[in-house]
Structure formats: C-alpha cells, structure tokens
Amino acid sequence: MSIYYDHAFYHSNGANLGSPEYYTHAISSAKEARYDYNVNAGPGGVQPGVIEGLDQRLGSDYRINSMDLYYSNSSRFSISFSNNGDSTFSFLDEDPLAQYKPENLPEREWVVNKFKIMFEMDESEIEFYLPAENWTVNDIFFEPVTITRSPDISAIRRHLLEESTSSTFDSENSAGEGGSTETFYKGSEKIGSIRYFVPAAEISFKEDLTTYTVHIDRLGGVRLYISLRSNGSETTVPETEYRAVFKRIFTDLGLPPEKVDEFEFEYGEGFW
C-alpha cells in the first residue's frame, strides 16, 4: 500500500529576541503591512494582581495557569486555575501512567499548611476538602477536587521563595506561545513550579501554496513555522528561499532580520 502525503511543514526551535517591545511593534506593523494575524490570550488562568518581581518581567496582564507543589520527588499535588476563580486540586505521581496509591499521599499536615497559605482557610474549611479520617483510604483524593475560592498567588509564591535555595525561570520551551515556568529548588530537590502565560500572536504571510507563520509572545519569544500544500510536485522549499522570506517578514514587522539565521528548522510530512 502506498502512502501519499499532501501536506508538509517546517518548524523551528524557539528563541528570544531580547526585548518584550518587539511584540507590540510586530502587532502594530502587521496591521500596517496587512499581514494576517491572530492574538491569543493563552489558556485559562487567574490574574493574580500585582506580585513583586513579576510585573516587571511579565507585564500587567499575565495569567497563572497552574502550579505544582512537591512533597517528594515522587509525590506532589497540582492546582490548575480557571478564569472564573475556581481551582482544581489533584494529587499526581511523577509517572503519569502510574496508579496513585494511598501510601504515596503526602503528610496531611503538609498539605493543610499549603492550603492555609494559598486559600486562607481555617481548619473546618480545610476539613471539607481534606477529611482527616479518610486521609489514607478515601478515593476522593485520586480524583480532581474543585475549590471555589480565589487563591492568594502572591502568598504561596512568597512561601516558595522563602523555602527554596534557588529558582529558575524558563520561557524558551514555549517561546512564541506565551508560556513560561518558574521552578523552585531546595538544594537539588524540586519543591514547586508555577506556570505563567502572557499574550501571544500568530502573524502569517501566504505565498502561493506556502504559508509562513511567525509565532511571537509578549516576552519577545519567537517560533517559526512553514506550512506547504502539495500541487503534485515535491513539497519542499530550499533553505535559502524560506530564510529569505522570513527575513523579509521580520523586516516588515520591525524585528531584527539577522536573527532568522539563528533558527534551526526541522521538516515533516503529514495528511491535510
């Protein structure tokens, strides 16, 4: 049986252009140059208000999508945040395929302390979500639990900073898509991570059957993508050609065209 691919693509690694000002300039220039563009506010999440050290880095309208708090390398709980202020709480194992067992639960008092910091709950409120008498046997702990109270992100982040000996801030893995992760360590052990999202945009230019797309976020992160449709001939573009097109697009958007040479591209095929 023969396989026919009618769609091919190139995608690049992510990189940061070095200034968040490129995002605003690219959006404005895309309008003037009449490029197709779409602004994406990112996934759901909570807007935490002013947090010292983050507004300067992320701007004023970032969202926090989720966080993980680690009891050990193999045991943690995760909280995801929705736009309406609700939080979803669940226990996780490092192995996503592993069945979570009661003996893997953290000490209840450890979790209670995090709840007090994050949600400002008293003992009776915490008991509703974390019933003490069923701590090691109740299957409710293996299913997500919705908490209808807005979290105090500033308080839990301050707690992680106080408990940690070092932290990292990674935006390269989601460059162009608006995601970044702040991770906290105590010695060599991970104790928590927080995932942030800022606005991002897709700016596209179509040439015949080929579409060139620049993914850019407000942190200055960029990722490049090329989509090709087959017209019966080979679905490839010479490297010199697609780099020249991206350099022209960068120039139109007010981005440094020389940065195009720093991206590495991979080729793939699929069905449309």
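Considering only segment 2-20, I want to know if a residue exists there that is in a helix (DSSP H, G or I) and outside the structural domain of PHE119 (by TED's automatic domain parsing). Looking for residues that are in a helix (DSSP H, G or I) and outside the structural domain of PHE119 (by TED's automatic domain parsing), one finds none in segment 2-20, hence no.
For segment 212-238, a residue qualifies if it is surrounded by fewer than 19 Cβ atoms within 10 Å (Cβ to Cβ) and modelled with pLDDT under 95, and the qualifying residues are SER227, ARG229, SER230, ASN231, GLY232, SER233, GLU234, THR236, PRO238. Number of residues in segment 149-185 that are part of a strand (DSSP E or B), surrounded by fewer than 21 Cβ atoms within 10 Å (Cβ to Cβ) and either within 19 Å of the chain's Cα centre (by Cα) or modelled with pLDDT under 95 (or both): the value is 6. Applying the condition of being assigned to a loop (DSSP other than H, G, I, E, B) and not charged (D, E, K, R) to segment 124-148 and asking which residue is modelled with the highest pLDDT yields THR148.
TYR242 satisfies every condition listed in (1) in contact (Cβ under 8 Å) with a residue 60 or more places away in the chain; (2) under 19 Å from the mean Cα position of the chain (by Cα); (3) under 14 Å from TYR10 (Cβ atoms) except (2). Every test in (1) buried (at least 18 other Cβ atoms within 10 Å of the Cβ); (2) in a strand (DSSP E or B); (3) at pLDDT below 85 is passed by SER90 save one, and that test is (1). Restricting attention to segment 21-38, which residues are surrounded by 12 or more Cβ atoms within 10 Å (Cβ to Cβ) and either in contact with an Asp or Glu (Cβ under 9 Å, 6 or more places away or on another chain) or part of a loop (DSSP other than H, G, I, E, B) (or both)? Those that are surrounded by 12 or more Cβ atoms within 10 Å (Cβ to Cβ) and either in contact with an Asp or Glu (Cβ under 9 Å, 6 or more places away or on another chain) or part of a loop (DSSP other than H, G, I, E, B) (or both): TYR23, SER29, ALA30, ALA33, TYR35, ASP36, TYR37. With respect to the conditions (1) of a type outside the set (D, E, K, R); (2) not in a strand (DSSP E or B); (3) not assigned by TED's automatic domain parsing to the domain that holds SER72, VAL214 lacks only one, and its number is (2). Would you check if there is a residue in segment 39-49 being assigned by TED's automatic domain parsing to the domain that holds VAL145, closer than 30 Å to ALA155 by Cβ, surrounded by fewer than 14 Cβ atoms within 10 Å (Cβ to Cβ) and at pLDDT below 85? No, that holds for no residue.
The values are calculated or read from the model by the stated rules, or taken from the named source; none is laboratory data. Note that the coordinates shown come from a computational prediction; the quantities given were computed from them, not determined experimentally. Glycine gets a Cβ as well: all are built from the backbone with ideal geometry, and neighbour counts include every protein chain shown.
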